[in-house]
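Below: one structure, written as structure tokens.
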Amino acid sequence: MEQLSGGEMLIRALADEGVEFLFGYPGGAVLHIYDAIFQQDKVKHILVRHEQAAGHAADGYARATGKVGCVLVTSGPGATNTVTPIATAYMDNIPMVVISGQVPSHLVGEDAFQETDMIGVSRPIVKHSFQIRHASEIPGVVKKAFYIASSGRPGPVVIDIPKDCTNPNEKFDYDYPTKVKLRSYTPPGRGHAGQIKKAVDELLAAKRPVIYAGGGVVQGNASHLLTELVRTLGYPCTNTLMGLGAYPGSDPQFIGMLGMHGTYEANMAMHHSDVILAVGARFDDRVTNNTAKFCPNAKIIHIDIDPAAISKTVRVDIPIVGAVEPVLTDMLAQIKAEAEIKPDAEALKIWWEQITQWRARHGLRYEPAQPGEMKPQQVVEMLYKVTNGQAYVTSDVGQHQMFAALYYKYDRPRQWINSGGLGTMGFGLPAAMGVKFAFPDAIVACVTGEASIQMNIQELSTCLQYGLPVKIININNRSLGMVKQWQDMQYEGRHSNSYMDSLPDFVKLVEAYGHVGMKITDPDQLESKMREAFAMTDRLVFLDIYVDPSEHVYPMHIAKGSMRDMLLSKTERT
Ligand SMILES: Cc1ncc(C[n+]2csc(CCOP(=O)(O)OP(=O)(O)O)c2C)c(N)n1
């Protein structure tokens, strides 16, 4: 049997696991591992400029591919810099393995240089963690870590490795396990047949049904089945922020995103429905508004892989615990088996007429721009046009994120990549890097704001090193737009610390990093400049686009109300 050191075993195990890219940053505790990286060429290490970006890049790679994203950092500050990306991945159920170096075993607990209890620090935000105690454990732990990260409800796993366990002078037998056995961990598979039958009967009897699909459909690779189900039944479908692309955004049966900034028609349809089928969605507070007033007349069917998600915030009538893919397969088979029972065509006709009226009342309407100004919504609509709806779009957090969610139509799962659960500013650019590594020929656009982009702007340097021609669409409103919007609405317009003075000249800044920058202030130049930017297929282009700083995102739920309680513009409410 081959003899390898702990450091060599780690990298070989990653290669055996099929890891293509390891996003990381070196330091003392991981130097043996970095030496092992140097001496092989299977796992490509990507040197970022900040460990936070390593985490988000691995996350973006994972979201775009469905594979596990992988990160390597040193102990202490290197490890703690990954806390935000770990929490980001945890909230959105993204499969990720983070390997942190640790001080040598004999110094653990002695406040040694760069010692942080990473297992303790990360405990509330990981699916699982492993502390390595001996080099020989490494292959087995890597196998388990990847299995746990990617199975069931996916999530981040930390492996903490003391430096002595990677010592190049101590070699052990290397054997990568082919199977993994974990006594206390069995992710659910198929759903309960009786519950599936009950759910199908309820669905077929519905008069005002809505299918509400979330990120679980994307992560569970079940978009094709969701699409088949929605089309078979002829029912309206709404997606959560995390679920965009799970059902094609340009399809007439799609009624838009729901929730706090959901479309008027999606929120109204939810509120007035009599049966809701929730698939891989978790009824979070940004969706439900006040749970006590949530969809008062609806029977709720909930498919989720995690039993803990059932009736967590909203009481569910028919729970189905299982992976969405086999559950939707079984539901479709059940519908076919009950071929003599059809949805109520007359009721459905009336329901669609009602939805069409709601759509006509608001839809994606926004106030037109003043002459010479640009609205942020226009920018996203132009992005959709210029990229023919084909781009992978990553975003940061704020108004621009909501505009990117609402005004770009995502027809494919994994096309829309954003931090929905944690809402992490600084996510967009490194996530776009991860997507570009996964799909070098794809169009990748990062829709951001001038505040968010500055949270990881140093990654422009990484983009130059690896030749990553992502396009950055900076929707520049000279302010922390979303914060300012809340201050306008709830604090009588007192803009406490939500204006950013002294912004850099972004064009010069990106040029200093070796890229192309363009400033757009004239709406008449928006299309031509954007086309010019996307035509430069081998260059990173930063479009700094000045928009109306007073714009708000609408609709917006009225706090403590029901799904149907919305502000529709600065002067209208439902
Ligand atoms: C790391 C982090 N800090 C603070 C916040 C709170 N926050 C949410 S949106 C926002 C403003 C974002 O401004 P910008 O990136 O310019 O986007 P805009 O809303 O103007 O489109 C802030 C500060 C956050 N989500 N993440």
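Over 21 Å apart: what share of the alpha carbon pairs of region 149-227 falls there, rounded to a whole percent?
Percent of Cα pairs beyond 21 Å in region 149-227: 59.
Out of Tyr247, Leu225, Val200, whose Cα points farthest toward the positive end of the dipole of region 127-275 (charges: +1 Lys, Arg; -1 Asp, Glu; placed on Cβ)?
Positive-most Cα among the choices belongs to Val200.
Would you give the gap between the C-alpha center of region 473-502 and the C-alpha center of region 344-379, rounded to a whole Å?
Measuring centre to centre over Cα atoms gives 26 Å.
With the cut-off at 1.5 for a/c, could you classify region 1-84 from its C-alpha gyration tensor as rounded, prolate or oblate?
It is oblate, given that a/c is not under 1.5 and a/b is not larger than b/c.
Set Lys and Arg Cβ to +1 and Asp and Glu Cβ to -1, take the dipole of region 340-394 about its Cα centre, and tell me which of Thr394, Val380, Gln370 lies farthest positive.
Of Thr394, Val380, Gln370, it is Gln370.
Take the alpha-carbon centre of region 63-103, take the same for region 227-245, and report the distance between them in whole Å.
31
Treating the beta-carbon of each Lys and Arg as +1 and of each Asp and Glu as -1, no other charges, what is the dipole magnitude of region 244-316 about its Cα centre, to the nearest 20 debye?
240
Charges at C-beta only: +1 for Lys and Arg, -1 for Asp and Glu. How large is the resulting dipole of region 220-349 about its Cα centre, in Debye rounded to 20?
Dipole size: approximately 280 debye.
For an R0 of 35 angstrom, estimate the FRET efficiency from the Cβ-Cβ distance between Tyr466 and Asp317 and round to the nearest 0.05.
According to the calculation, E is roughly 0.10.
Around Glu459, under 12 Å between beta carbons, what's the net of Lys plus Arg minus Asp minus Glu among the other residues?
+1
What are the trypsin sites (Lys or Arg not before Pro) within region 147-251 that DSSP puts in a loop, where the Cβ has at most 13 other Cβ atoms within 10 Å?
Lys179, Lys181, Arg183
Mind listing the long-range amide H neighbours of Ser5? Cut-off is under 5 Å, sequence gap 5 or more, other chains count too, H placed in the peptide plane at 1.01 Å from N.
Phe172
About the Cα centre of region 354-411, what is the dipole size in debye to 20, counting +1 per Lys and Arg Cβ and -1 per Asp and Glu Cβ, all else neutral?
The calculated dipole for region 354-411 is roughly 260 debye.
What list of ³J(HN,Hα) couplings, whole Hz, do you get for region 178-185 from phi and the Karplus terms 6.51, -1.76, 1.60, once you set θ to phi - 60° and write x for glycine and proline?
8, 10, 10, 10, 10, 4, 9, 9
Read phi for every residue in region 298-305 and hand back ³J(HN,Hα) as whole Hz from Karplus 6.51 cos²θ - 1.76 cosθ + 1.60, θ = phi - 60°, with x for Gly and Pro.
With the stated coefficients, region 298-305 comes to 9, 7, 10, 9, 10, 9, 8, 6 Hz.
Kirkwood hydrodynamic radius (Cα pairs, Å) of region 26-179? Walk me through the numbers before you get to the answer.
On the way: mean 1/r = 0.0646 Å⁻¹.
Taking the inverse mean of 1/r over all distinct Cα pairs, region 26-179 comes out at 15.5 Å.
State the volume of the convex hull built on the alpha-carbon positions of region 319-440, expressed per residue in Å³ and rounded to an integer.
201
Return the Rg/Rh ratio of region 478-567 with Cα-based radii and a Kirkwood Rh.
Details: Rg = 17.6 Å, Rh = 15.9 Å.
Here the Rg-to-Rh quotient is 1.11.
Between beta-carbons, use under 10 Å as the cut-off and find the net charge around Met1, counting Lys and Arg +1, Asp and Glu -1.
-3
How fast does region 417-541 diffuse by Stokes-Einstein, in µm²/s, taking the Kirkwood radius from C-alpha pairs at 37 °C and 0.692 mPa s?
On the way: Rh = 15.7 Å.
Estimated via Stokes-Einstein, D reaches 210 µm²/s.
List, in order, the whole-Hz ³J(HN,Hα) value for each residue of region 369-384 obtained from phi through the Karplus relation with A = 6.51, B = -1.76, C = 1.60 and θ = phi - 60°; use x for Gly and Pro.
6, 5, x, x, 9, 10, 9, x, 4, 4, 5, 5, 4, 5, 4, 4
In what order do Cys446, Cys295 fall by count of nearby beta-carbon atoms within 10 Å, going from fewest to most?
If I rank by nearby Cβ atoms, fewest first, I get Cys295, Cys446.
If you take the Cα atoms of region 362-433, find Rg, then find the Kirkwood Rh from the mean of 1/r over all pairs, what is Rg/Rh?
0.98
Which of His515, Ala112, Ala15 sits farthest toward the positive end of the charge dipole of the chain, with +1 on the Cβ of Lys and Arg and -1 on the Cβ of Asp and Glu?
Ala15
What length, rounded to one decimal in nm, is gained on full extension from Glu511 through to Arg412, with 0.36 nm per residue of separation minus their alpha-carbon distance?
32.3 nm
Quick check on the exposure proxy: order Leu31, Leu233, Leu348, Leu277 from fewest to most C-beta atoms within 10 angstrom. All intermediate terms of the calculation are to be shown ahead of the outcome.
Values: Leu31 16, Leu233 23, Leu348 19, Leu277 30.
So the ranking, lowest neighbour count to highest, is Leu31, Leu348, Leu233, Leu277.
List the pair-distance distribution P(r) of the chain, using every Cα-Cα distance, as the percent of pairs falling in each 10 Å bin from 0 up to the bin containing the longest distance, rounded to whole percents.
Taking every Cα pair in the chain, the percentages come to 4, 17, 26, 25, 18, 9, 2, 0.
List every residue whose amide H lies under 5 Å from the amide H of Met257, counting only residues 5 or more places away in sequence or on a different chain, with H placed 1.01 Å from N in the peptide plane.
Asn239, Thr263
Which longest uninterrupted range of the chain lacks any GluC sites (Glu not before Pro) assigned by DSSP to a loop state (not H, G, I, E or B) and surrounded by at most 10 other Cβ atoms within 10 Å?
The reported range is 111-339.
Bear in mind these aren't lab numbers, they're just calculated from the coordinates by the rules spelled out. This structure is a prediction, so every number in the text was calculated from the model and none was measured. Note that each Cβ is placed from the backbone with ideal geometry, even for glycine, and that neighbours are counted across all protein chains shown.
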